[in-house]
Amino acid sequence: MTSFQSGPERDRRLSAKPRYGYRATKPLAHEISQLLRSETFRKLRRFQRVNDALKSALGETFLSRIKPTSLKAGVLIIEVADSPLLAEIKQHYDHRVTQSLADAGTGVSRVQWRLARRRPTTE
């Protein structure tokens, strides 16, 4: 049973805790080491490498109009703001981006380029 579901075990555990007063603290070093070993932190570090590789391959001008959205099983999905830019990147920069990602050690073996969906305008 998870901690957010109600049940007799949960009720006993919660009633055994003091309502006011001292609560045990955890050492900050323990929390930081737990964070550094987490899968989420590894994903953030990998996406930082991806962003650095994209910056070196494409430059600052393109970075504001593209967004890496997913990285699974060596496939990086990048959304592009508009179709002319998508065509230009696929035709002229695709190989350079793939090579830069491989050189940066991101684990990316293939890049899928997608046109970003626009949000409907509200009037």
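The values are calculated or read from the model by the stated rules, or taken from the named source; none is laboratory data. None of the values given here were measured: they were computed from a predicted structure. Virtual Cβ from ideal backbone geometry, glycine too; neighbours counted across all protein chains shown.
Residue by residue, here is whether (1) exposed (fewer than 10 other Cβ atoms within 10 Å of the Cβ); (2) modelled with pLDDT of 90 or more holds:
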| site | (1), (2) |
| --- | --- |
| Ser15 | yes, no |
| Arg19 | yes, no |
| Leu28 | yes, no |
| Gln34 | no, no |
| Thr40 | yes, no |
| Ser56 | no, yes |
| Thr61 | yes, no |
| Lys67 | no, yes |
Give me a count of the residues in region 67-119 that are charged (D, E, K, R) and in contact (Cβ under 8 Å) with a residue 60 or more places away in the chain.
-> 0
